[in-house]
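Scroll down for the structure; my scribbles are underneath it.
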Amino acid sequence: MLAIRCENEIKLTDAFCIKDSIKEIAGRRYDAATRAWYVPLTDGNMALLKILGVDFDESSEMPKDAGEPIPDEPPIVDMPIKAVPYKHQVAAFNFALRILGGAE
């Protein structure tokens, strides 16, 4: 499997064995003419594809300004941990509380 960066997308060739995982990615599309999958170019999608064993060419590195910065926000409720959490951990904790209805 090879991934090539094409503007704001990642082109995946020979990805039949992971096609079911690719179908779970939001914004993905299949081009029958080139027999390739196209996935939006994001940090999360790059990380997911690396976990799935996709090889990236040298031009497929993420741009330095890609992705949104994680906002500084306090936890909605006290986190049940002893350590000081990182910003991404607080954001994920708050997100989970909002989704699961634990936010006030």
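The values are calculated or read from the model by the stated rules, or taken from the named source; none is laboratory data. The shown structure was predicted, so the numbers you read here are calculated from the model rather than taken from an experiment. Glycine also receives a Cβ, built like all others from the backbone with ideal geometry; neighbour counts cover every protein chain displayed.
Mind listing whichever residues of the stretch 74-88 are surrounded by 11 or more Cβ atoms within 10 Å (Cβ to Cβ) and closer than 22 Å to THR42 by Cβ?
If the condition is that a residue be surrounded by 11 or more Cβ atoms within 10 Å (Cβ to Cβ) and closer than 22 Å to THR42 by Cβ, then LYS87 is the only one that fits.
Could you list all residues from the stretch 35-56 that are more than 26 Å from ILE70 (Cα to Cα) and modelled with pLDDT of 90 or more?
Within the stretch 35-56, ARG35, ALA36, TRP37, TYR38 meet the criteria.
State yes or no: is LEU2 surrounded by 10 or more Cβ atoms within 10 Å (Cβ to Cβ) and either at pLDDT 90 or above or under 29 Å from LEU100 (Cβ atoms) (or both)? Write out each step before concluding.
On the way: surrounded by 10 or more Cβ atoms within 10 Å (Cβ to Cβ): yes; either at pLDDT 90 or above or under 29 Å from LEU100 (Cβ atoms) (or both): no.
Judged against the criteria, LEU2 is not a match.
Could you list, ordered by first residue, the pairs with Cβ atoms under 6 Å in which the first is in the stretch 1-20 and acidic (Asp, Glu) and the second is part of a strand (DSSP E or B) and surrounded by 14 or more Cβ atoms within 10 Å (Cβ to Cβ), at least 6 apart or interchain?
Pairs that qualify, where the first residue is acidic (Asp, Glu) and the partner is part of a strand (DSSP E or B) and surrounded by 14 or more Cβ atoms within 10 Å (Cβ to Cβ), are GLU9/TYR38.
Could you list, in sequence order, all residues of the stretch 73-104 that are part of a loop (DSSP other than H, G, I, E, B) and modelled with pLDDT under 85?
Across the stretch 73-104, the qualifying residues are GLY101, GLY102, ALA103, GLU104.
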